[in-house]
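The values are calculated or read from the model by the stated rules, or taken from the named source; none is laboratory data. Please read all numbers here as calculations on a predicted model, not as lab measurements. Counting neighbours? That spans all protein chains shown, and the Cβs are built from the backbone with ideal geometry, glycine included.
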Amino acid sequence: MDQTLFFILIALCSVSECVQRQYHFINEVKNWTEAQRYCREKYSDLATVDNMNDMNELNKSVNDRSVQFVWIGLQKTGRDEWRWSSGEPALYLNWATGQPDGRDDCALMANGKFEDLPCSDNRHFICNNNKLIVVKENLTWSEALRYCRQNHVDLVSVHSEEIQRRVMNVVKRASTAAVWLGLHNYCIMNMWLWVSGEMVCYHNWAPGNGTTPENCSLENRKGAVQSGGDQRWISLPESHKLNFICSRY
């Protein structure tokens, strides 16, 4: 690879990605389980909050200022252990002073802070939409790309561990052992690129995949994610017919 191009690519990979969640305040009251069911049917899930940026967006989403208490997707799953409804670990917690008090198993946001409350309480709630969708049609990579661009935005590009977690959350719904990503091999330079145009800076390859030169003499290679196991990426011929993940943002 040309040395100048190599240094340009390294510089591109040093640029951090920032993908914000989209939150939807629901002006109805339900208990926590009913709210979870509603969000999963209409959006993706009850709200997940990973950092202060998410927290600020969550706060802004409540467009009825008379509402002070809203369910979020935080639930107690064990002794002093809390997880998000999506299954993600609760790495960011913004508890109010003295919370959680250990008596209840579901959490809401009150005045920008988290508090635990009985799951049976009826409250307003916030859904989030991770904007990824698994399409359960078996298409070649090129057909999947065309489908996503015609019906959504694009085949998904995975720039970070956070996006990979979102992929792992939705790929479990697939009916094929692997699912197409927006990842393709540029054979001439022996490098992988996303269809969105970004470099592959974050990697999650399965052993023996993606790190050695590809044999493109017979067929071009594309990237897929395993729908089971540890859900790592694999290299496959582009004519394989798989489910695929579209991005809607």
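Check region 58-69 and report whether any residue there is assigned to a strand (DSSP E or B), on the phi < 0 side of the Ramachandran plot and without any contact (Cβ under 8 Å) to a residue 24 or more places away in the chain. Let's see the steps before the verdict.
Our first condition is that a residue be assigned to a strand (DSSP E or B); within region 58-69, this holds for 69.
Adding the requirement that they be on the phi < 0 side of the Ramachandran plot leaves 69.
With without any contact (Cβ under 8 Å) to a residue 24 or more places away in the chain added as a condition, the list becomes none.
Checking region 58-69: not a single residue is assigned to a strand (DSSP E or B), on the phi < 0 side of the Ramachandran plot and without any contact (Cβ under 8 Å) to a residue 24 or more places away in the chain.
Go through region 39-60 and give me each residue that's within 16 Å of Lys113 (Cβ to Cβ) and in contact with a Phe, Trp or Tyr (Cβ under 7 Å, 6 or more places away or on another chain). Lay out the reasoning, then the answer.
Just the residues of region 39-60 that are within 16 Å of Lys113 (Cβ to Cβ), to begin with: 47, 49, 51-52, 54-60.
Within region 39-60, Ala47, Val49, Asn51, Glu57, Leu58 meet the criteria.
Among the conditions (1) over 17 Å from Lys136 (Cα atoms); (2) in contact with a strand residue (DSSP E or B) (Cβ under 9 Å, 6 or more places away or on another chain), the only one that Cys201 does not satisfy is (2).
Which ones in region 50-103 are surrounded by 15 or more Cβ atoms within 10 Å (Cβ to Cβ) and among the charged types (D, E, K, R)? Selection gives Asp50, Asp54, Glu57, Lys76, Arg83, Glu88.
Evaluating Asn185 against the criteria (1) over 29 Å from Ser85 (Cα atoms); (2) in contact (Cβ under 8 Å) with a residue 60 or more places away in the chain leaves one unmet condition, (2).
When region 197-249 is limited to residues that are of a type in the set (Lys, Arg) and within 19 Å of Asn169 (Cβ to Cβ), the one that is nearest to the chain's Cα centre (by Cα) turns out to be Arg248.
Residue-by-condition table, conditions (1) more than 21 Å from Asn31 (Cα to Cα); (2) in a loop (DSSP other than H, G, I, E, B); (3) in contact (Cβ under 8 Å) with a residue 24 or more places away in the chain:
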| site | (1), (2), (3) |
| --- | --- |
| Ile72 | no, no, yes |
| Tyr92 | yes, yes, yes |
| Arg103 | no, yes, no |
| Leu108 | no, no, yes |
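Scanning region 204-224 for residues that are among the aliphatic types (A, V, I, L, M) and surrounded by fewer than 10 Cβ atoms within 10 Å (Cβ to Cβ) yields one hit, Leu218.
With respect to the conditions (1) in the same structural domain as Val49 (by TED's automatic domain parsing); (2) touching a residue at least 24 places away in the same chain (Cβ under 8 Å), Lys113 falls short on a single one, namely (2).
Any idea which of Val156, Val67, Val167 is farther than 20 Å from Gly228 by Cα and modelled with pLDDT of 90 or more?
Working: Val156 fails: farther than 20 Å from Gly228 by Cα; Val167 fails: farther than 20 Å from Gly228 by Cα.
After ruling out the rest, the residue left standing is Val67.
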